[in-house]
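Asker: Take this structure, written in structure tokens, and hold onto it; I'll ask about it next.
Just so you know, all these numbers are worked out from the coordinates, no wet-lab data involved. What you see is a predicted model; the values in this text were computed from it and never measured. Heads up, the Cβs are rebuilt from the backbone with ideal geometry, glycines too, and the neighbour counts pull from every protein chain shown.
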Amino acid sequence: MNNCTLALLKKAFLAFIFTAMIITGFSQVPPEFDKIVTSAGVVEMHFIGHGSLMFKVNGFVIYIDPVRSSGNYDFLPKADLILVTHEHGDHLDAKLIEDLKKPGTLLFCNQNSTSKIPWAMAMKADDRQEINNIIIEAVPAYNLVHESTPGHPFHPKGVGIGYILTIGGKRFYIAGDTENTPEMKSLRNIDVAFLPMNLPYTMTPEMVADAAIAFKPKILYPYHFGETDTSEITKLLKDSGIEVRIRSLK
């Protein structure tokens, strides 16, 4: 093999490596996000996937149910605050939580999750915390109808929780895994609601619509919706005065 051939092969190899780097770089697509203006600043809501969300306001980073199977966390920031609704594997990823943790990170969760994350602080329904001028309220999350076996709901009452975050006067409700419970339907003054909509574990579109019409959030994001047809909830809430936004949250 002469020097000319070696030089051509070297150039081809370098071109291949460069192209691979470009393709890899472009494949790291960050999650889409929306912005809500509050008196405390702009809240970014990042839709990582499934039940996993990230909120960011003035550089303060909040993760809700971070799970690596829901999306790519490689280029996302470390957490200031982590909220976990319950201990199921699609909502609690202890290894990822350790990766997202930094000095000073706080984590609140339901009681059962503390067995997997010993440094976490447990909350139960009606508990309240305030961190960095953000009010965190825990609310019930449970099944009324859907059961794994007769008499055993997928999410029993008193185990999981959802959260209401009040940031700069705006109230964000992240429901966790639940159905259209009386407690949910009695909520008021919710600006943004994330409601789960997948079967058989949480709600049908009809259940989501029933709850939303009762507590009337200004903006509704169905999330954790799997293969559910999201166009159904849009139809059901047409002319309700509730803005339905569909994002990539399978």
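Asker: Given the Cα-Cα distance of Thr149 and Thr114 and 0.36 nm per residue of separation, how much length would full extension add, in nm?
Answerer: Net length gain for the segment: 10.0 nm.
Asker: Considering amide H positions built from the backbone, and no H for Pro or chain starts, which residues 5 or more places from Tyr223, or on another chain, come under 5 Å of its amide H?
Answerer: Leu195, Met197
Asker: Starting from the Cα of Lys235, draw a straight line to each of the aspartates and glutamates and keep only those under 18 Å, dropping any in the same chain fewer than 8 residues away.
Answerer: Glu206, Asp210, Glu227, Glu243
Asker: In addition: Once you charge only the Cβ atoms, +1 for Lys and Arg and -1 for Asp and Glu, what is the size of the charge dipole of the range 143-220 about its Cα centre, to the nearest 20 debye?
Answerer: Working: 7 positive and 7 negative charges, 84 e Å.
That gives the range 143-220 a dipole magnitude of about 400 debye.
Asker: Here is a follow-up. Quick one: P(r) of the chain from all Cα-Cα pairs, 5 Å bins, percents rounded to integers, in order of increasing distance.
Answerer: That works out to 1, 6, 13, 17, 18, 15, 10, 5, 3, 3, 2, 2, 2, 1, 1, 0, 0, in percent per bin.
Asker: Going down the list Lys56/Lys216; Lys56/Lys218; Lys95/Lys218, which pairs span over 29 Å between their C-alpha atoms?
Answerer: Details: Lys56/Lys216 24 Å; Lys56/Lys218 20 Å; Lys95/Lys218 35 Å.
From Lys56/Lys216; Lys56/Lys218; Lys95/Lys218, over 29 Å: Lys95/Lys218.
Asker: Next question, about the same structure. Once amide H atoms are built 1.01 Å from N in the peptide plane, which residues 5 or more positions from Leu106, or in another chain, come under 5 Å H to H?
Answerer: Answer set, sorted by chain and number: Leu81, Ile82.
Asker: I've got another one for you. Multiply the residue separation of Gln129 and Lys102 by 0.36 nm, subtract the distance between their alpha-carbon atoms, and state the gained length in nm to one decimal. Write out the running numbers ahead of the final one.
Answerer: Details: separation 27, 0.36 × 27 = 9.72 nm, distance 2.02 nm.
This chain segment gains 7.7 nm when fully extended.
Asker: Still on this structure, I have one more. Counting only DSSP beta bridges with both residues in the range 31-244, what percent are antiparallel, rounded to the nearest 5?
Answerer: Here the share of antiparallel DSSP bridges comes out near 65 percent.
Asker: Subtract the Cα-Cα distance of Ser69 and Glu232 from 0.36 nm times their separation in residues, and report this length gain in nm to one decimal.
Answerer: Full extension from Ser69 to Glu232 adds 56.1 nm.
Asker: May I pose another question? Given the range 121-250, what percent of its DSSP beta bridges are antiparallel, to the nearest 5?
Answerer: Antiparallel bridges: around 65 percent, rounded to the nearest 5.
Asker: Over the chain, with a Gaussian network built from C-alpha contacts below 10 Å, which listed residue (Pro150, Pro140, Pro222) shows the highest mean-square fluctuation?
Answerer: In the Gaussian network model the winner is Pro150.
Asker: Compute the angle between helix 3-27 and the longest alpha-carbon principal axis of the chain, please, reported from 0 to 90 degrees and rounded to the nearest 10.
Answerer: 10 degrees
Asker: Let me ask something else. Within 10 Å of each candidate Cβ there may be at most 15 other Cβ atoms; applying that plus a DSSP loop requirement, which chymotrypsin sites (Phe, Trp or Tyr not before Pro) in the range 92-191 survive?
Answerer: Trp119
Asker: While we're here: Would you mind checking which residues have amide H under 5 Å from Ile167's amide H? H placed 1.01 Å from N; only 5 or more apart, or other chain.
Answerer: Here the answer is Phe172, since their amide H atoms fall under 5 Å of that of Ile167.
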